Amino acid sequence: MLDIAIIGVGYVGLVTGTCFSEMGNHVTCIDKNQAKIDALNGGTIPIYEPGLEEMVRRNTKAHRLEFTTQFTEAIAKATVCMLAVDTPVGPDGACDLTSMKAATRQIAEAMNGYKVIVTKSTVPVGTTNLVRSIITEVLDARGVDFDFDVVSNPEFLKEGSAVYDFMKPDRVVLGVDSERAAKIMRELYRPFMLGSDRLLVMDTASAELTKYAANCMLALRVSYMNWLSNLAETTGANILQIRKGIGSDKRIGSAFLWAGVGYGGSCFPKDIKALRQMAKDHGISTALVDSIEEINKAQKSLLVTKMATYFEPFGGLKDKTIAILGLAFKPDTDDMREAPSLVIIDELLAQGAHVRLFDPVAMDNARAILGNRSEITWCQNELDAATGAHGIALVTEWKQFRLLDFTALLGSMKSKAFFDGRNQYTPKEMTSHGFDYISIGQAPAMHLLSKDFLPHEMDVYAHGE
Ligand SMILES: NC(=O)c1ccc[n+]([C@@H]2O[C@H](COP(=O)([O-])OP(=O)(O)OC[C@H]3O[C@@H](n4cnc5c(N)ncnc54)[C@H](O)[C@@H]3O)[C@@H](O)[C@H]2O)c1
């Protein structure tokens, strides 16, 4: 059993702390946000993550998991102090280490003996050394001399399956330069490695860069498929067939080859920017990362361009109502950071459209960003969103959207356009339900735009009245 302090109780810190406590350790989670800590101590979990709530409850009840805003006691009793604070992108495009530096100082102020200080946050190469120098500086100022080690341990969990990923990691990367710290870190992760040892011990610079390398590779695959989807659609090819054609090649593999509305979330966008800045700082070409970002930016607007094209004969998007299914940046999370839905909604509103929004769990977070406006209707469910809409746009592929009651949806709509931003359905099934089906990287499947096929309101547009 180890005593662990986790600093920063966000998506990573809360999952990390909870999973370590699940393995029998004593964990104190520290956050500067008093309201968050009060909520957690009152039994409210601030994020949606499958399986997390039950695990938090079980471990707090067993007194293995605690939440506080106070560093002193938590750091004093901890052997391992893990930094899981936010590392956003600053105005200059570089990773902003303000939270890391502040939290490191707070650890150093509270140190009372040997500690392993672990950077769990995604941080640029050199941050481990920076943390080391801050601690030395504070200990010197305090006039004390304690041994300590700094370890880089980037996190690879995915929001939406974070608990599963943490409990059953593909690998755990440790950048470590002391045998003493390596021994403690091995002990910490041993319960997660019982089936097979997936601990990769390396130097700290490689560990720090590995995290950025992984995210950039994944974003590269997404942008490549999105870029290719546009070429496929224009040349009469089908991106879904191409996905199978290339994914079956073992050297390529089929994961992360879906074309869609672009990547979002708290990690890819900021990590790609930070990696670009790192390359720039070291005089390395940024052309590759520039393209990843450029393609992604354009892809986030693509669905609205398709909507504008579809509605062009009927007066454009002005005064049209679009139902948006899914707001979170991906399914199984309530995280709205950099979500493609935000770009889509902004562009629809800018063109004079109204939107009816529904997401299974991200409604509160979305409302906090978008606010209450007359052009936005917050809906109870999929059918509510579709009611009176001219088009439906599937933006986040929540499982519950896979088998929708298409007859009811179409019956409640003013028109019959379905824009599938995630290629969840097939043109054949959607046209058989009566929709005009517009997706990504394959030909649109339309009913004839004759007046017989147009519901009443579109009929009016078709005749230019
Ligand atoms: N979210 C993910 O899916 C994910 C996955 C892998 C890695 N990461 C990385 O992990 C890190 C954390 O990400 P997140 O999404 O959990 O962030 P987050 O913004 O959800 O949480 C960060 C928390 O740190 C707290 N904090 C900041 N400064 C503090 C201080 N001085 N003292 C105490 N608390 C402090 C904030 O109040 C906040 O609650 C980032 O570097 C991120 O890139 C995130």
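The values are calculated or read from the model by the stated rules, or taken from the named source; none is laboratory data. All values derive from a computational prediction rather than experimental measurement. Glycine also receives a Cβ, built like all others from the backbone with ideal geometry; neighbour counts cover every protein chain displayed. Areas reflect the complete protein model, heavy atoms only, side chains present, ligands, DNA and RNA absent. Shrake-Rupley method; radii C 1.70, N 1.55, O 1.52, S 1.80 Å.
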Checklist entry - What is the residue count in segment 408-422 for residues that are assigned to a loop (DSSP other than H, G, I, E, B) and open to solvent by 10 Å² or more (accessible area, probe 1.4 Å)? => result 4
Checklist entry - Which of the residues spanning segment 243-263 are open to solvent by 10 Å² or more (accessible area, probe 1.4 Å) and either in contact (Cβ under 8 Å) with a residue 60 or more places away in the chain or within 16 Å of the ligand (Cβ to nearest atom) (or both)? => result 256, 258, 263
Checklist entry - Can you tell me which of 110, 141 is open to solvent by 30 Å² or more (accessible area, probe 1.4 Å) and not assigned by TED's automatic domain parsing to the domain that holds residue 280? => result 141
Next on the checklist: Taking the criterion of being over 22 Å from residue 266 (Cβ atoms), away from the ligand (no atom under 13 Å from the Cβ) and either basic (Lys, Arg) or assigned by TED's automatic domain parsing to the domain that holds residue 77 (or both), would at least one residue in segment 46-57 satisfy it?
Outcome noted: yes
Checklist entry - How many of the residues making up segment 91-118 are within 13 Å of the ligand (Cβ to nearest atom) and either closer than 21 Å to residue 277 by Cβ or in a helix (DSSP H, G or I) (or both)? => result 16
Item to check | Residue among 39, 78 that is more than 12 Å from the ligand (Cβ to nearest atom) and at negative phi | outcome: 78
Checklist entry - From the list 83, 97, which one is closer than 25 Å to residue 202 by Cβ and either touching a Leu at 6+ places or on another chain (Cβ under 8 Å) or modelled with pLDDT under 95 (or both)? => result 97
Checklist entry - Can you find a residue in segment 59-72 that is within 12 Å of the ligand (Cβ to nearest atom) and within 26 Å of residue 338 (Cα to Cα)? => result no
Next on the checklist: Looking at 283, 315, 326, 371, can you tell me which residue is open to solvent by less than 10 Å² (accessible area, probe 1.4 Å) and at positive phi?
Outcome noted: 326
Checklist entry - Is it true that some residue in segment 333-356 is without any contact (Cβ under 8 Å) to a residue 12 or more places away in the chain and more than 22 Å from the chain's Cα centre (by Cα)? => result yes
Checklist entry - Is there any pair with a first residue in segment 66-85 that is touching a residue at least 40 places away in the same chain (Cβ under 8 Å) and assigned to a helix (DSSP H, G or I) and a second that is of a type in the set (Gly, Ala, Ser) and surrounded by fewer than 22 Cβ atoms within 10 Å (Cβ to Cβ) whose Cβ atoms are under 6 Å apart and which are 6 or more apart or on different chains, and what are they? => result 71/110; 75/110
Checklist entry - Restricting attention to segment 159-181, does a residue exist that is in contact with a Cys (Cβ under 9 Å, 6 or more places away or on another chain), within 16 Å of the ligand (Cβ to nearest atom), at pLDDT below 95 and not hydroxyl-bearing (Ser, Thr, Tyr)? => result yes
Next on the checklist: Considering only residues that are among the aromatic types (Phe, Trp, Tyr) and open to solvent by 10 Å² or more (accessible area, probe 1.4 Å), which ones fall in segment 201-231?
Outcome noted: 224, 227
Next on the checklist: Against the conditions (1) in a loop (DSSP other than H, G, I, E, B); (2) open to solvent by 50 Å² or more (accessible area, probe 1.4 Å), where does residue 123 fall short? Just the number, please.
Outcome noted: (2)
Item to check | Members of segment 335-358 found to be in contact with an Asp or Glu (Cβ under 8 Å, 6 or more places away or on another chain), in a loop (DSSP other than H, G, I, E, B) and crowded, with 21+ Cβ neighbours inside 10 Å, listed by number | outcome: 335, 353
Checklist entry - Can you name every residue in segment 1-18 that is within 9 Å of the ligand (Cβ to nearest atom), touching a Cys at 6+ places or on another chain (Cβ under 8 Å) and β-branched (Val, Ile, Thr)? => result 7, 9
Checklist entry - Considering only residues of segment 145-200 that are part of a strand (DSSP E or B) and under 27 Å from the mean Cα position of the chain (by Cα), which is surrounded by the most Cβ atoms within 10 Å (Cβ to Cβ)? => result 152
Next on the checklist: For the condition farther than 30 Å from residue 1 by Cβ and within 16 Å of the ligand (Cβ to nearest atom), what is the one hit in 274, 207, 232?
Outcome noted: 274
Item to check | Which numbered condition residue 27 misses (of (1) near the ligand (Cβ under 9 Å from one of its atoms); (2) hydrophobic (A, V, I, L, M, F, W, C); (3) part of a strand (DSSP E or B)) | outcome: (1)
